[in-house]
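Colleague: Here it is: the structure, laid out below.
The values are calculated or read from the model by the stated rules, or taken from the named source; none is laboratory data. Please read all numbers here as calculations on a predicted model, not as lab measurements. Cβ placement follows ideal geometry from the backbone for every residue including glycine, while neighbour counts extend to all protein chains displayed. For accessibility, only protein heavy atoms count, side chains too; no ligands or nucleic acids. Shrake-Rupley method; radii C 1.70, N 1.55, O 1.52, S 1.80 Å.
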Amino acid sequence: VLFGVRFIVHGGLLSEIISQSKFNHKTRRNVNPITNPTVGVTLGIYFIKFYESAVSFFIDYTAKICYHILDYGLRTILQNKEDYMIYSTEVKNMCPITQGVHHGAAPIPEEAKWVKAKKIEDISGYTHGIGWCAPQQGTCKLSLNVKDGIIQEALVETIGCSGMTHSAAMAAEILPGLTLLEALNTDLVCDAINTAMRELFLQIVYGRTQSAFSEDGLQIGAGLEDLGKGTRSMIGTTYGTLDKGPRYLELTDGYITHLALDENDEIIGYKYINFGKLMDALKKGEDAKVAIEKASGQYGRVADAVRLIDPRKE
């Protein structure tokens, strides 16, 4: 309405100025609407205003037409929703009641932001968890780095079953690039890995991630940092019997070569070889004995030991 009024007023004033200028031109020969500055400037100002009003009126009118077309289309879809949504006769005969109490999704912490997650691309975070197979003969620790709903990084660690290692190899190829929903519904070869994926999905979509309060989350490569310098999984393997007692076979430090025992035959320390460091030295071409010596270490009161035993032989 405003643009329409401006259109009419400015158009009328422009017509009046032109007609008045023509009248002055006929009655007084010295007044020319083109050469006279006052009349020329006035004409120019009102012509610009008239042009502005015309353009604004055209744009506004076009926008209103588009709005009404979209509004009519949406109303038609909503009114005819029964065409694609099947309702029972009982529901059709019900009177509508407004859904008043609805405050939207509860915000969850994601990479130092509170997000109301409505779509899969709203999910971001780094976390890990475990899964197990039906007979519980093996387990998987799965670590995922998710950005905007897409898995950017996957670390798959398995233990307890020989077939799981090959399954883990395939899962590491499958997971990166999938959305969380795709990964949840993808066969990851091993049931333990599938179960781990399910548990991680629940953690991530509920905001229970390690990077929930880390600004911008964790960088791609955080999975390798979890493995440490040797890029090997941290595995603890110990064994014990009632008759012969405990044996430490492998710990986070590495492969246990000797157990240190005191006078009561209690374990007070151990010696180990870090396989990550050993392999790095061998790949550089170092002598095997030198490499083993560099990769070896000890923990505890080894110097106070009464004797050292090989946990695999003695």
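Colleague: For the stretch 268-289, give me each residue that is over 19 Å from R301 (Cα atoms), open to solvent by less than 40 Å² (accessible area, probe 1.4 Å) and aliphatic (A, V, I, L, M).
Modeller: Result: L278, A281.
Colleague: Now, a different point. Just give me the residues in the stretch 224-279 being farther than 23 Å from S143 by Cβ and acidic (D, E), in sequence order.
Modeller: D243, D262, E263, D265, E266
Colleague: Follow-up. So how many residues does the stretch 149-196 have that are of a type in the set (S, T, Y) and touching a Pro at 6+ places or on another chain (Cβ under 7 Å)?
Modeller: Looking only at that region, the number is 0.
Colleague: If we scan the stretch 294-310, do we find a residue that is of a type outside the set (G, A, S), touching a His at 6+ places or on another chain (Cβ under 7 Å) and in a loop (DSSP other than H, G, I, E, B)?
Modeller: yes
Colleague: Moving on to the next point. Quick check: anything in the stretch 111-121 of a type in the set (A, V, I, L, M, F, W, C) and under 25 Å from G236 (Cα atoms)?
Modeller: Among the residues of the stretch 111-121, not one is of a type in the set (A, V, I, L, M, F, W, C) and under 25 Å from G236 (Cα atoms), which makes the answer no.
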